[in-house]
Amino acid sequence: MSSSDPVWRRLLTEVFREWFISETIWIDTADGELALSAVSKSTEPQRWARAITEDRYLVTQVNFGADPPDGELPWPSSSSSMPSIVAMMLEALDVRHGQSVLEIGTGTGWNAALLSRRAGDAGRVVTVEVDPTLAERARGALDRAGYSPTVVTGDGAKGFPDGAPYDRIIATASFREVLPAAWLEQLRPGGRLVGPWDNDWLGGMLVLDKDEDGNATGRFRDQLAFMRLRDQRAAYYGWEPEESEIERAALTETGCRGSDGDNIFNPELGRFAIGALVPDCYLHIDFNTPADYHHVVDLDDGFARSFARMYWDVNTPTHYQVRQLGPRKLWDEVEAAYDWWHDNDEPGMERFGLEIRDGKQWLWLDHPDHVVRVVTG
Ligand SMILES: C[S@@+](CC[C@H](N)C(=O)[O-])C[C@H]1O[C@@H](n2cnc3c(N)ncnc32)[C@H](O)[C@@H]1O
């Protein structure tokens with residue numbers, strides 16, 4: 001774990017992560033696949049300790065604290081983020097001694113402890129956790145470690161108005177496209193907010209500064225994948241018609257072939273731009289075996305009952321084929337966004353930003369006046 005900021009470098013080694021990690025953690029076992037396996041401190045102390053010192057995220061709660069149903073894999077509902085990501089976000093937040101800070105998503109409490117150290121006795125840290133069990137556990141860990149931020153049990157999307165205004169706000173649960181209005185209201189003019197913005201294609205770290213008029217602008221920096229604010233999680237789950245219905249839809253040729261699929265779906269290439277341009281479009285790629293390259297891409301908008309299945313066949317020189325159902329022709333929208341990406345010199349995430357002015361929020365390219373898509377207002 002490292003940081004280019006010497007103060008954070010020191011604090012990250014002084015505020016031990018292990019003080020905040022629960023007896024049982026879950027770690028990924030398969031490469032790239034979310035197959036979690038439980039590791040208990042009492043039965044596998046060395047494996048537990050090794051996982052904590054590695055630069056990896058640790059799942060600290062599954063299934064909102066319930067036991068996974070028999071035969072089903074657990075899914076993560078809280079985690080301790082990768083130390084390198086924690087460091088990157090804290091550095092971007094630029095917290096100074098004596099400042100007031102609001103954190104959304106207390107989780108283990110480790111980040112709140114780091115913020116408390118940095119803000120110092122003259123500062124003030126409030127952290128909000130939606131899950132009462134996690135909030136209670138974090139309170140205990142913070143207390144034992146000697147830190148006393150205010151841990152609020154509640155919906156962090158509403159911020160914590162009683163403690164406002166804040167000089168800094170950091171979200172450690174992602175929000176889908178639209179920044180919760182309460183956060184901007186509770187941020188002091190001149191203040192900074194850092195958080196994981198995402199849609200169903202790709203997420204990025206948004207670093208937003210609020211001006212004296214109450215408006216805010218900021219750019220996307222690095223790619224980030226965080227768990228969503230709880231009541232936005234449902235957006236993860238795609239909608240899929242019956243197989244027979246998909247099969248009945250006409251198979252037509254797309255305008256794409258060869259390396260187009262990589263341009264569209266590669267996070268380093270067009271994926272952020274295209275995902276940003278096509279609203280409310282869930283993406284799922286079923287990557288086939290590496291040797292065969294017949295991938296299947298599903299796009300859906302459950303609200304509009306629209307679905308597209310594209311056969312991304314990397315091996316043949318012909319155009320990929322697609323079946324589209326429902327009022328939205330989702331694949332056609334993706335292709336139009338792909339054309340836009342070419343026409344605008346193939347921008348990556350770092351050329352995009354979010355502007356919030358008079359209650360309206362829009363994505364921009366290169367400059368706030370170059371509006372890409374209004375996300376609300
Ligand atoms: C990635 S974890 C946060 C890690 C944490 N900052 C730490 O240092 O361990 C995300 C946390 O956000 C919490 N969360 C999700 N939705 C929330 C909401 N609406 N309000 C507050 N917390 C929320 C989850 O329960 C989870 O504990």
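Each value in this text was obtained by applying a stated rule to the coordinates, not by laboratory testing. Please read all numbers here as calculations on a predicted model, not as lab measurements. We place every Cβ from the backbone using ideal geometry, glycine too, and count neighbours over all the protein chains shown.
Computed extension length for residue 233-residue 162: 22.9 nm, one decimal, from 0.36 nm per residue of separation with the Cα-Cα distance subtracted. Across the stretch 207-217, rounded Karplus estimates of 3J(HN,Hα) from the backbone phi angles (6.51 cos²θ - 1.76 cosθ + 1.60, θ = phi - 60°) give 10, 10, 10, 9, 8, 5, 8, x, 8, 8, 9 Hz, Gly and Pro being marked x. Under the rule a/c < 1.5 gives rounded, and otherwise a/b versus b/c splits prolate from oblate, where does the stretch 52-154 land using the Cα gyration tensor? Prolate, since a/c reaches 1.5 and a/b exceeds b/c. Taking 25 Å as R0, compute the FRET efficiency from the Cβ-Cβ separation of residue 97 and residue 54 and round it to 0.05. For residue 97 and residue 54, the calculated efficiency is 0.20.
When the alpha carbon gyration tensor of the chain is reduced to an equivalent ellipsoid, the three semi-axes, largest first, read 37, 26, 18 Å. Between residue 44 and residue 10, how high is the FRET efficiency from 1/(1 + (r/R0)^6) when r is the Cβ-Cβ distance and R₀ = 30 Å? Nearest 0.05. Step by step, r from the Cβ atoms, then E = 0.45.
Highest GNM mean-square fluctuation among 139, 47, 309, for the chain modelled with Cα contacts below 10 Å: 47. Straight-line cross-link partners of residue 360 among the lysines, defined as a Cα under 19 Å from its Cα and at least 8 positions apart when in the same chain: 158, 210.
A simple spin-label model places pseudo-atoms 7 Å from Cα toward Cβ; at residue 209 and residue 303 they are separated by 3.3 nm. Of all the options 335, 245, 54, the one that moves most in a Gaussian network model of the chain with Cα springs shorter than 10 angstrom is 245. Convex hull volume of the Cα atoms of the stretch 238-343, normalised per residue: 100 Å³. Given the -39500 (n - 2.57) contribution per DSSP H run of 4+ residues, what per-residue ellipticity at 222 nm results for the chain, rounded to the nearest 500 deg cm²/dmol? Computed mean residue ellipticity for the chain: -7000 deg cm²/dmol. Given a Förster distance of 56 Å, report the FRET efficiency between residue 63 and residue 369 from their Cβ-Cβ distance, rounded to the nearest 0.05. Result of the calculation: an efficiency of 0.80. In this structure the amide hydrogen of residue 228, modeled in the peptide plane, comes within under 5 Å of the amide hydrogens of 174, none closer than 5 places in sequence on its chain. Using C-alpha pairs below 8 Å separated by at least 6 residues, the relative contact order for the stretch 19-80 is 30 percent. Label the stretch 236-282 by shape, choosing from rounded, prolate and oblate, from the square roots a ≥ b ≥ c of the eigenvalues of the Cα gyration tensor; if a/c is under 1.5 it is rounded, and otherwise prolate applies when a/b is larger than b/c, oblate when it is not. The shape class here is oblate.
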